[in-house]
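The values are calculated or read from the model by the stated rules, or taken from the named source; none is laboratory data. Source: prediction; values computed, not measured. Virtual Cβ from ideal backbone geometry, glycine too; neighbours counted across all protein chains shown. Each accessible area value is taken on the protein alone, full model and side chains, heavy atoms only, with ligands, DNA and RNA left out. Shrake-Rupley method; radii C 1.70, N 1.55, O 1.52, S 1.80 Å.
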Amino acid sequence: MFKFYKRREPPPDLREVIDFSSGAASGGKIVPFKLDQAAVSDQEAACVGLQPTRDWRAFGLQGYPGFIFISNPFLRGSQAFWVRQCLKTYSQKPNVCNLDMHMSPSDTQDIWARSVQAIRSPISSKRQPKTLLERLRWVTLGYHYNWDTKTYSSNSYTPFPADLHMLSVRITAACGFPGFSSEAAILNYYRSDSSLGIHVDESELDHSRPLLSLSFGQSAIFLLGGPQRQDPPTAMFMHSGDVMLMSGPSRLLYHAVPRILPAPPQLATCLEELSCALALQVGSVLEPVSEEDWDVCSRYIQSSRVNMTVRQVLGPGQIFPLQTDDKHRMVGCHDDANSGKRKRTCSDPVGTVDT
């Protein structure tokens with residue numbers, strides 16, 4: 001199925017792909033999902049750019065308990081702020097990105113500033129080298145995911161963005177998960193020929209908390225499979241502003257993104273500039289997006305897609321396993337010599353836990 005939807009010639013038949021925005025090709029699979037509307041006030045929703053929860057269109061899928069799909073719950077124009085954050089703010093140091101694997105920290109210090117002039121320039125017939133922003137493929141926030149060991153650790157952490165945490169808390173609370181702690185996020189930056197291979201997100205130490213996914217820009221085909229890699233998947237569209245939550249039995253299902261597709265015509269409306277009135281509400285994390293910034297964002301997003309997956313890594317009382325740099329030194333931990341028994345105190349960005 002992954003190869004079927006990824007192929008270019010002949011192009012795949014998309015008639016069986018579920019479109020939650022219209023209910024197309026559902027075959028009776030789509031079921032309404034009842035949100036906890038009392039969990040998020042209208043003011044709390046608006047402060048992060050969301051419509052009142054009573055206006056959200058939330059669905060589940062037959063055969064996938066714990067999977068929730070919300071069809072673009074964002075207020076008109078508010079996506080512009082989140083796109084700007086993904087491209088300009090979250091890509092900056094001290095956060096980690098794929099470019100750090102091949103370049104010095106000084107060269108990736110300000111990806112946005114090093115890219116904007118070239119992106120704004122008129123397209124020339126001469127092939128220009130890609131900007132750093134166009135070469136960006138992933139950024140990690142909070143606990144930084146180690147792609148080699150497929151683990152998180154307490155000694156690889158930077159403060160999680162407060163605005164993204166607030167957005168995540170509002171959405172997860174409305175879906176029935178109060179007290180969600182946004183501890184890590186992986187941002188994926190897709191070009192028109194990008195894909196995301198078949199995988200399952202299992203590196204978090206607590207799987208009882210949901211996996212939250214937010215999509216902006218061009219559309220994508222998302223494949224949701226089963227607990228085994230060979231289980232047949234269900235294909236669905238993700239459009240700009242769409243939100244997915246994987247919880248319970250669906251939390252550890254295999255999934256993939258085989259294809260990026262041109263967004264439907266309503267993308268222009270979804271991604272119009274953020275209004276000042278919306279940004280200046282009391283308590284709002286939103287802020288106006290300047291014309292200069294939006295010029296770059298809109299050019300980028302017309303051929304690209306950005307996806308944020310937010311995770312809670314640790315459950316209540318959990319700490320990371322001990323990690324050693326050598327035989328004698330523990331990373332992030334020390335023994336209490338004044339105690340009658342060995343006491344391990346582990347320094348953790350979200351608190352100190354004694355064991």
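Under Stokes-Einstein, with the Kirkwood radius over Cα pairs standing in for Rh, what whole-number D in µm²/s applies to segment 194-258 at 4 °C and 1.567 mPa s? Mind dumping the intermediate values first?
Numbers: Rh = 12.3 Å.
Stokes-Einstein gives a translational diffusion coefficient of 105 µm²/s.
How long are the three semi-axes of the equivalent ellipsoid of segment 1-140, in whole Å, if each is the root of 5 times an eigenvalue of the C-alpha gyration tensor, listed from largest down?
Details: eigenvalues 251, 122, 46 Å².
In descending order the semi-axes read 35, 25, 15 Å.
Can you list which of the GluC sites (Glu not before Pro) found in segment 160-219 are DSSP loop residues with at most 13 other C-beta atoms within 10 Å?
Values: sites: GLU183, GLU202, GLU204; in loops: GLU183, GLU202, GLU204.
When the GluC sites (Glu not before Pro) of segment 160-219 are filtered for loop state and at most 13 Cβ neighbours within 10 Å, GLU202 remain.
Among residues other than ASP201 whose Cβ falls under 13 Å from its Cβ, what is the net charge (Lys/Arg +1, Asp/Glu -1)?
+1
Distance between the C-alpha centers of segment 78-117 and segment 281-310? Whole Å please.
13 Å
For segment 91-197, what percent of Cα pairs sit more than 21 Å apart? List each step's numbers first, then the result.
Working: 2774 of 5671 pairs.
I get 49 percent for the Cα pairs in segment 91-197 exceeding 21 Å.
With every protein chain in place, what's the accessible area of CYS297 (1.4 Å probe, Å², nearest 10)?
0 Å²
Beyond a 29 Å Cα-Cα separation, which of these cross-linked pairs lie in this structure: LYS3/LYS34; LYS34/LYS93; LYS6/LYS29; LYS34/LYS88; LYS6/LYS93; LYS29/LYS150?
Values: LYS3/LYS34 35 Å; LYS34/LYS93 39 Å; LYS6/LYS29 23 Å; LYS34/LYS88 35 Å; LYS6/LYS93 33 Å; LYS29/LYS150 33 Å.
Going by Cα-Cα distance, LYS3/LYS34; LYS34/LYS93; LYS34/LYS88; LYS6/LYS93; LYS29/LYS150 fall outside the 29 Å limit.
For Cα pairs less than 8 Å apart in space and 6+ apart in sequence, what is the mean separation divided by the residue count of segment 94-214, i.e. the relative contact order in percent? Each step should come with its number before you reach the end.
Values: 113 pairs, mean separation 30.2, N = 121.
For segment 94-214, the relative contact order is 25 percent.
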